[in-house]
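Q: Take this structure, written in structure tokens, and hold onto it; I'll ask about it next.
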Amino acid sequence: MTRHRALSVATWILSRLAPKNERDPLVGDLIEEYALRSNAASSSAALRWYMKQVVTSAPLLLRVRLARAAWISTIGAALLAYIAVAVAELSVDWAISNWTAVGTFAYKPLGLIMLFPMVILIGYVAGRFRRRAPIVLGVMMLLVVTTMMLSTTESVPPWYGVAYFVVGPAAAFIGAALHSLRPARW
Amino acid sequence: MKTRDNPLGSLEHVVLLAVMRLGSDAYGMTVRREIESATGREISIGAVYATLVRLESKGLVKSYTGEPTAERGGRAKRHFSLTADGKGALRTTHEVLRKMSAGLKGLQPT
């Protein structure tokens, strides 16, 4: 690969990764410094410097770009939190069915009581990554629970239906509230 | 708590100081050079821009785009300058550092 081709490819990669507003000034800065270094030292040293700048800058610029697409990372954090809630719920079901020697999880309040603080914690942790993630998590849980309630053919005790509808989303919203109350970070 | 009342992260602090030192000549590459020459530490242009973008979103710096020039491949510079909140954040950080280091022995330049 020729020097010019290598520069073009590296610049193209960097400009694709950089946020739109920073693309032109950033590439212009690199070209300006490359020209200065080519004149002051050797072209190959300047090319090495240029490549090093591209390699070390790429992940940082990609991070800025992803951080700007805030809704994507909020949905991503909420989805991960939802998976964590599902794992916690399965673990609670498994633990109750083993401890109580009941073959299946039979609408026990204990399950909901155990799950409640777990979902608060998951909501709190999700809020550390994206501030609105626990709120999205709560809304997702409301939608899923509503769909499940409407589509189930099993006869679910009314108290359990109401509790199941309230506990998960409420816990997620409490997690969000707790996160917003914590002291400011440096 | 306002942003200007929060002490800055170490790279944010250094980048703000570089912008202040450079005045009207503060743009990505000059900020990078200023930091390298003052601290002796290599820093990538990506790290400088990522920090400047964060500082701008916090309202601590503002920017404007200059005219495109031929030596930059027809690309414009983006000039940065401190806002009043940026100066306030620097003062807060320096005050915290002064209080935390007051009375400590062994911090004087050798």
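Q: Strictly over 28 Å apart at the Cα level, which of B:K58/B:K99; B:K58/B:K105; B:K62/B:K105; A:K20/B:K58; B:K77/B:K99 would you flag in this model?
A: Pairs exceeding the cut-off: B:K58/B:K105; B:K62/B:K105; B:K77/B:K99.
Q: Something else: For segment A:1-92, what number results from the quotient of the Cα radius of gyration and 2.2 N^0.38 Å? It would help to have the intermediate numbers written out before the result.
A: Working: Rg = 19.8 Å, N = 92, 2.2 N^0.38 = 12.3 Å.
The value comes to 1.61.
Q: Which residue fluctuates the most in chain A, going by a Gaussian network model with Cα springs under 10 Å, if the choices are A:S42, A:S97, A:S15?
A: In the Gaussian network model the winner is A:S42.
Q: What percentage of all Cα-Cα pairs in segment A:103-165 are separated by more than 20 Å?
A: Counting every Cα pair in segment A:103-165, those more than 20 Å apart make up 37 percent.
Q: Would you compute the Debye intensity of segment A:141-186 from its alpha-carbon atoms alone, equal scatterers and no solvent, and pass along log10 I(q)/I(0) at q = 0.22 Å⁻¹ to two decimals?
A: Debye curve over Cα of segment A:141-186, log10 I(q)/I(0) at q = 0.22 Å⁻¹: -0.76.
Q: A further question on this structure: Could you state the number of Å between the C-alpha centres of segment A:42-84 and segment A:134-157?
A: So the two Cα centres are separated by 36 Å.
Q: Nearest 20 debye, what's the magnitude of the dipole of segment B:1-92 about its Cα centre given +1 on Lys and Arg Cβ and -1 on Asp and Glu Cβ?
A: 160
Q: Would you work out which of A:I96, A:W49, A:M118 lies farthest towards the positive end of the dipole of segment A:27-162? Charges go on Cβ: Lys and Arg +1, Asp and Glu -1.
A: A:W49
Q: On a full-extension model of 0.36 nm per residue, what is the gain between A:V144 and A:L90, subtracting their alpha-carbon distance, rounded to one decimal in nm?
A: 17.9 nm
Q: What chymotrypsin sites (Phe, Trp or Tyr not before Pro) in segment B:3-110 are in a loop by DSSP, with at most 13 other Cβ atoms within 10 Å of the Cβ?
A: When the chymotrypsin sites (Phe, Trp or Tyr not before Pro) of segment B:3-110 are filtered for loop state and at most 13 Cβ neighbours within 10 Å, nothing remains.
Q: So what's the back-of-envelope 222 nm ellipticity for chain A, counting only DSSP H runs of four-plus at -39500 (n - 2.57) apiece and dividing by all residues, rounded to 500?
A: It lands at -29500 deg cm²/dmol.
Q: Let me ask you something else. Give the share of C-alpha pairs in each 5 angstrom bin for chain B, from 0 to the last occupied bin, in whole percents, shortest bins first.
A: 2, 12, 20, 21, 18, 13, 7, 3, 2, 1, 0
Q: Given the options B:L104, A:N39, A:G161, identify the residue whose Cα lies farthest towards the positive end of the charge dipole of the protein assembly as shown (+1 on Cβ of Lys, Arg; -1 on Cβ of Asp, Glu).
A: Positive-end residue among those listed: A:N39.
Q: Give me the distance in nm between label points sitting 7 Å out from Cα along the Cα-to-Cβ direction at B:T39 and A:I113, one decimal.
A: 5.4
Q: Quick one: helix B:28-39 against the long Cα principal axis of chain B, what's the angle to the nearest 10°, folded into 0 to 90?
A: 30
Q: Using all C-alpha to C-alpha distances in segment B:50-110, build P(r) with 10 Å bins and read off the rounded percent in each one.
A: So the P(r) values, bin by bin, are 19, 29, 24, 18, 9, 1.
Q: How crowded by other chains is B:54-61, given as the mean number of beta carbons from other chains within 10 Å of each beta carbon? Please list the in-between numbers first.
A: On the way: counts 2, 0, 1, 3, 0, 0, 0, 0.
Per residue, the average neighbour count from other chains is 1.
Q: Ignore the peptide's own chain and count Cβ atoms of other chains within 10 Å of each Cβ in B:72-81; give me the average, rounded.
A: Taking all residues of B:72-81 together, the mean is 5.
Q: Roughly how tilted is helix B:45-57, in degrees to the nearest 10 and between 0 and 90, from the longest Cα axis of chain B?
A: Tilt relative to chain B: about 80 degrees.
Q: With charges set only on the Cβ (+1 for Lys and Arg, -1 for Asp and Glu), what does the dipole of chain A come to about its Cα centre, in debye to the nearest 20?
A: So the dipole magnitude of chain A works out to roughly 780 debye.
Q: Given bins 5 angstrom wide, list per bin the percent of all Cα-Cα distances in chain A, short to long.
A: Percent of Cα pairs in each bin: 1, 7, 12, 13, 11, 9, 7, 7, 7, 7, 6, 5, 4, 3, 1, 1, 0.
Q: Can you put A:V144, A:V27 in order, fewest other beta carbons within 10 Å first?
A: Least to most surrounded, the residues fall as A:V144, A:V27.
Q: Would you list the membrane-span-like helices of chain A, meaning whole DSSP H runs whose alpha-carbon atoms span at least 30 Å along their axis and whose mean Kyte-Doolittle value is at least 0.0?
A: A:43-68, A:70-99, A:109-129, A:158-181
Each value in this text was obtained by applying a stated rule to the coordinates, not by laboratory testing. Quick caveat: nothing in here was measured; it's all calculated off a predicted structure. FYI the Cβ positions are ideal-geometry reconstructions off the backbone, even for glycines, and counts take in every protein chain you see.
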